[in-house]
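This report concerns only the one structure given below.
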Amino acid sequence: MKIKTGIKVFVFLGAILTFSGSAFAKPTLRTSEFSQKTTQQKKNLENKFKDARERGWPLKDKMLKDQNQKDDRQRNQNQKDKNQKDKNQKDLKNDKQNQNKNKKTADDTSVIRTSSKTVSASDFELSIIAEVNLMRSNPRDYAEKYIKPLINSRSSSYWTSCVRDMSAISSLGTLEYAEGLYKMAKAHSSTQGKTRETGHDRTNGSDFSSELNKYGKSYSYAGENISYGAETARDILIQLLVDDGVSSLGHRKNLLSKEFTAVGISYDTHKAYRHMCVMDFAKNWVDR
């Protein structure tokens, strides 16, 4: 009985142990399943990455193609800009060459005649005289080249009348530089330019006739032009030739007069108009 009991107990305990062993044993099968699942997941992920890469290559190619096209467009635009810049520089160079060609001797102050022993005028002031002489050498040609192209629908009748008057004149005598006339013009521009005044009256109260006697020994005929605001020799001359708004056309008449043989031209700053230019003309002038 004891043995049986012991066996029963043993068996019972064994059953317990076996049960306990089953309950608390290491999950070897579950670990294997987990490993297999993990491996499968890895394969699935790799397949997904593979699919993504396969799908990504066309996208990458498209992006590459788009970028190349963008780069090509930029290169083409840069080339166009460069070509346009080169063309502009070439046109500017041609314009300067044509301008110099058309000016002929307008900037060559050595062609200006003078009987004066001294020449105090600046190079720019002498270039204005050269421009005047260029115009007087062929008024018709000067009007066709430099004044007529400036006329448009908004131009006043003074412009068309200027071209008409100049077209009727083939040639005028060129003017020589006179130091006395230059000093007279400079005295007026240097003093009036410091004020906001305009006109032929001098700041010291003297008039044009008094100034002629002050700077010249003798003369038979004289006149004076004054330009305000113009900066270049050509702009100054065209402004005075057109004489827009001046009903008497006194400035135009002086420039196109056959009577004058000598001139003095000064150029200075002006307080109101920034720049002013005084031209004093005379016939049979002798410096004092």
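State the percentage of accessible surface on the range 139-288 attributable to carbon and sulfur atoms; use a 1.4 Å probe and exclude ligands, DNA and RNA. Spell out each step's value before the answer.
On the way: 3390 of 7060 Å².
That fraction is 48 percent.
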Semi-axis lengths, Å, the range 124-201, gyration tensor of Cα atoms, sqrt of 5 times eigenvalues: 28, 19, 10
Spelling out what I want: for every residue of the range 207-212, take phi, set θ = phi - 60°, compute 6.51 cos²θ - 1.76 cosθ + 1.60 (Karplus), and round to whole Hz; glycine and proline get x. 10, 4, 4, 4, 5, 4
If you project the alpha carbons of the range 188-229 onto their three principal axes, what span does each projection cover, largest first, in Å? 32, 20, 13
Can you give the relative contact order of the range 178-250 as a percent, counting alpha carbon pairs under 8 Å and 6+ residues apart? 24 percent
Tell me the trypsin sites (Lys or Arg not before Pro) within the range 180-253 that lie in a loop according to DSSP and have at most 11 other beta-carbon atoms within 10 Å. ARG196
Label-to-label distance, nm, for residues given as LYS217 and GLU231 (7 Å Cα→Cβ offset): 4.2 nm
Return one whole number: the accessible area per residue of the range 166-258 in Å², for a 1.4 Å probe. 44 Å²
What ranking, highest mean first, results for peptides 203-212, 155-164 when packing means the other Cβ atoms within 10 Å averaged over each residue? 155-164, 203-212
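The values are calculated or read from the model by the stated rules, or taken from the named source; none is laboratory data. None of these values were measured; they are calculated from a predicted model. Neighbour counts run over all protein chains shown; Cβ positions are idealised from the backbone, glycine included. Protein only, heavy atoms only, side chains kept; ligands, DNA and RNA dropped before computing areas. Shrake-Rupley method; radii C 1.70, N 1.55, O 1.52, S 1.80 Å.
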